[in-house]
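Asks: Mind having a look at this structure? Questions to follow.
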Amino acid sequence: MRSLVWFRGKDLRVADHGPLVEAVAAGEVIPLFVLDPYFFAPERARALAPRMQVLLEALEDLEQAIARLGSRLVLVTGRSVDVVPQWAARWKVDQVLAHRWSEPFGRDRDERIGQALGSQGIPFHLFEGETLLPPGSLHSASGNPFSVFTAFARAFQREGEVSAPLPRPRHLPPLPAEVAGEGLPLPKLLDLGIARNPSIQQGGETSATKRLQEFVFSGLSSYRQARDRMDREGTSRLSMDLHFGTLSVRTLWRRVSEQAADDHSRVFRNELLWREFAHHWLWERPELLSQPFRASFQGFPWRADEKLWQAWTEGRTGYPVVDAAARQLLGEGFVHNRARMVAASFLAKHLLLDFRRGEAHYLAHLADADWANNDLGWQWSAGCGCDAQPWFRIFNPMLQGERFDPDGDYVRRWVPELASLPARWIHKPHLAPAGVLNAAGVEPYPQPIVDHAEARNRFLQTAKAHLQR
Ligand SMILES: Cc1cc2nc3c(=O)[nH]c(=O)nc-3n(C[C@H](O)[C@H](O)[C@H](O)COP(=O)(O)OP(=O)(O)OC[C@H]3O[C@@H](n4cnc5c(N)ncnc54)[C@H](O)[C@@H]3O)c2cc1C
């Protein structure tokens, strides 16, 4: 039996890899990755630079892992829908094995590839692995998908059984002779016109495994309190590994559960359930990547104001936490979760700008950009998502800063103009007395682009008028 194992960008590992395990048990294995122009055309790649950097590093690491096991990752170019069936036929494979994607465009691609392979008599087997349970497998007693996280999480605790991760193969059979000369070299980041950003975490299964060990041995034991602090490294920083599948979520769940059964472990696993929920949610309602979860938000009168948009993206709103988030995003392709919530809420509620624009900006600049998680986060923050959080609760960016960055170190790091300002004023520099500003030698920093109280009222009035139509 000859199997084509198609690695797809969200499963870039050799551990806990269902298609690889099954292929090895069946006989000959051809590990394949497609350099699809959808991502790898230079203009597309440049628009997703942080993710491309991580993707290429993860692929390089995968190439090395597969080589150590005795085989080679074969790289081909072209649209997956065309080239997977073409190569499968040319190499006379008996089956194609891959992990399923949950995004609507991935499902569409699966279907088209399945049909093309089917017409050639080649079975296409899709494996679970992106989530702890297959998306769409949990429903309420009435058979409907859950629209509130707490109910989903309760059902998961009740019914969800997370299976054990699969062992990594000890070795792979060498490539069949007629495939041995095929394949392209992995492109370099510079070939795609992208300069490497050293502040972005290193991609790949090797680094992910190290991050996992580090978190389990040192971060997990303080996670519950530390996770909300923007000034601390209190979270796992594993989001990009989960997105690219350089770490399987099942492995992470198992490792954390085995390490501790305390509150920290429980709170951390609850965060993994948010990820789970986001993927189930998108599976049930694929239209949500372009539409609000709450239909009442359809046609919301978002404003179009380029000056406000520029200020938000460049970190010049005059609200230090919002600005730190914008600059962290551009600096290291990551933003602390609390800062994401404050910045996203500020864009939608204080500035009344369309949250989908912010969502696209995050997709372009985050190294951990993930369609399901990002969409859930943005819809939640804009007030139109699937949460019990009411739309009329509006974050005060100054109070959020004082609470979750009490000494101002997060702001000091990303907004260095304010570095010398005492903690008392660092989240509201526009209110600091001139004497304090002069004594601290604060560099020019913008005045708030909107007044917090006025912006809050404007959103409430606008939303009320819209929702009462
Ligand atoms: C506006 C907005 C946009 C977001 N965009 C993304 C995104 O593109 N990709 C992404 O992975 N996460 C996104 N999140 C969720 C969350 O901010 C990140 O997962 C988290 O900050 C990643 O850091 P970490 O791995 O250290 O998290 P940890 O606190 O260590 O959490 C562990 C894991 O749980 C999952 N998780 C944690 N919080 C959430 C959440 N609220 N929703 C879904 N999964 C969660 C992630 O996979 C994360 O890696 C977004 C949140 C908001 C508010």
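Asks: Step by step: first the residues of the range 319-332, then only those that are surrounded by 24 or more Cβ atoms within 10 Å (Cβ to Cβ) and small (G, A, S), then the one that is farthest from R51 (Cα to Cα). Which residue is that?
Replies: A324
Asks: Which condition number does F39 fail, the rest of (1) modelled with pLDDT of 95 or more; (2) over 22 Å from E22 (Cα atoms); (3) under 20 Å from the mean Cα position of the chain (by Cα) being met?
Replies: With respect to (1) modelled with pLDDT of 95 or more; (2) over 22 Å from E22 (Cα atoms); (3) under 20 Å from the mean Cα position of the chain (by Cα), F39 is out only on (1).
Asks: Of the residues G183, G204, G160, which is at positive phi, of a type outside the set (K, R) and more than 20 Å from the chain's Cα centre (by Cα)? Write out each step before concluding.
Replies: Values: G204 fails: more than 20 Å from the chain's Cα centre (by Cα); G160 fails: at positive phi.
Just a single option satisfies the conditions, and that option is G183.
Asks: Kindly indicate which of S102, S71, S119 is within 29 Å of L190 (Cα to Cα) and of a type outside the set (A, V, I, L, M, F, W, C).
Replies: Working: S102 fails: within 29 Å of L190 (Cα to Cα); S119 fails: within 29 Å of L190 (Cα to Cα).
Exactly one residue qualifies, and that residue is S71.
Asks: Which residues, counting only those in the range 274-288, are surrounded by fewer than 20 Cβ atoms within 10 Å (Cβ to Cβ) and within 12 Å of the ligand (Cβ to nearest atom)?
Replies: Passing the criteria: only W274.
Asks: Considering each residue of the range 291-309, count those that are in a loop (DSSP other than H, G, I, E, B) and among the hydrophobic types (A, V, I, L, M, F, W, C), and give that number.
Replies: To start, the set of residues in the range 291-309 that are in a loop (DSSP other than H, G, I, E, B) comprises 291-294, 298-302, 304-305.
Filter once more, keeping what is among the hydrophobic types (A, V, I, L, M, F, W, C): 293, 300, 302, 304.
Qualifying residue count, the range 291-309: 4.
Asks: Got a number for residues in the range 308-356 being more than 16 Å from D405 (Cβ to Cβ) and without any contact (Cβ under 8 Å) to a residue 24 or more places away in the chain?
Replies: 2
Asks: Assess whether P167 counts as being surrounded by fewer than 16 Cβ atoms within 10 Å (Cβ to Cβ) and closer than 18 Å to R13 by Cα.
Replies: Values: surrounded by fewer than 16 Cβ atoms within 10 Å (Cβ to Cβ): yes; closer than 18 Å to R13 by Cα: yes.
Yes; evaluated as a whole, the condition is true for this residue.
Asks: List, please: which pairs have Cβ atoms under 8 Å, are six or more places apart or on different chains, and start with a residue in the range 239-253 that is closer than 14 Å to G204 by Cβ and β-branched (V, I, T) and end with one that is more than 8 Å from the ligand (Cβ to nearest atom) and part of a helix (DSSP H, G or I)?
Replies: The qualifying pairs are T246/A58; T246/D61; T246/E205; T246/S207; T246/A208.
Asks: Return yes when F268 is within 8 Å of the ligand (Cβ to nearest atom), among the aromatic types (F, W, Y), part of a helix (DSSP H, G or I) and not assigned by TED's automatic domain parsing to the domain that holds A326 and no when it is not. Before the answer, list the steps.
Replies: Numbers: within 8 Å of the ligand (Cβ to nearest atom): yes; among the aromatic types (F, W, Y): yes; part of a helix (DSSP H, G or I): yes; not assigned by TED's automatic domain parsing to the domain that holds A326: yes.
When the stated conditions are applied, F268 passes them.
Asks: Return yes when Q447 is at pLDDT 95 or above and of a type in the set (S, T, N, Q) and no when it is not.
Replies: On the way: at pLDDT 95 or above: yes; of a type in the set (S, T, N, Q): yes.
Spelling it out, Q447 is indeed at pLDDT 95 or above and of a type in the set (S, T, N, Q).
Asks: Look through R316, R340, R357 and report the one residue that is under 20 Å from F459 (Cβ atoms), of a type outside the set (A, V, I, L, M) and surrounded by fewer than 19 Cβ atoms within 10 Å (Cβ to Cβ). Before the answer, list the steps.
Replies: Details: R316 fails: under 20 Å from F459 (Cβ atoms); R340 fails: surrounded by fewer than 19 Cβ atoms within 10 Å (Cβ to Cβ).
After ruling out the rest, the residue left standing is R357.
Asks: Moving on. Residues of the range 220-252 being more than 10 Å from the ligand (Cβ to nearest atom), within 27 Å of D11 (Cβ to Cβ) and part of a helix (DSSP H, G or I), which ones? If you could, list the steps in order and put the result at the bottom.
Replies: Kept after step one, since they are more than 10 Å from the ligand (Cβ to nearest atom), are these residues of the range 220-252: 221-222, 224-225, 229-232, 244-246, 248, 250-251.
Okay, now just the ones that are also within 27 Å of D11 (Cβ to Cβ), so 244-246, 248, 250-251.
Result: F244, R250, T251.
Asks: Additional query: Of all the helices (runs of 4 or more DSSP H) wholly in the range 357-441, which have at least 2 residues that are more than 16 Å from the ligand (Cβ to nearest atom)? First the steps, then the outcome.
Replies: Values: elements: 371-382, 397-404, 409-414, 423-426, 434-440.
So the answer is 397-404, 409-414, 423-426, 434-440.
Asks: Looking at (1) of a type in the set (A, V, I, L, M); (2) at pLDDT 95 or above; (3) closer than 30 Å to F215 by Cα, which is the only condition A261 fails?
Replies: Only one criterion is unmet by A261, namely (2).
Asks: I'd like the full set of residues that are touching a helix residue (DSSP H, G or I) at 6+ places or on another chain (Cβ under 6 Å), outside any helix (DSSP H, G or I) and more than 12 Å from the ligand (Cβ to nearest atom), limited to the range 319-356.
Replies: Y319, L351, L353
Asks: Would you be able to tell me the number of residues in the range 184-225 that are surrounded by fewer than 16 Cβ atoms within 10 Å (Cβ to Cβ) and among the small types (G, A, S)?
Replies: Count: 6.
Asks: Could you list, in sequence order, all residues of the range 34-58 that are in a strand (DSSP E or B) and crowded, with 21+ Cβ neighbours inside 10 Å?
Replies: Narrowing the range 34-58 to residues in a strand (DSSP E or B): 34-35.
Once the filter is applied, which keeps residues that are in a strand (DSSP E or B) and crowded, with 21+ Cβ neighbours inside 10 Å, the range 34-58 yields only V34.
The values are calculated or read from the model by the stated rules, or taken from the named source; none is laboratory data. Predicted model only: the values in this text are computed from it and were never measured. Here the Cβ is made from the backbone with ideal geometry for all residues, glycine too, and neighbour counts use every protein chain on show.
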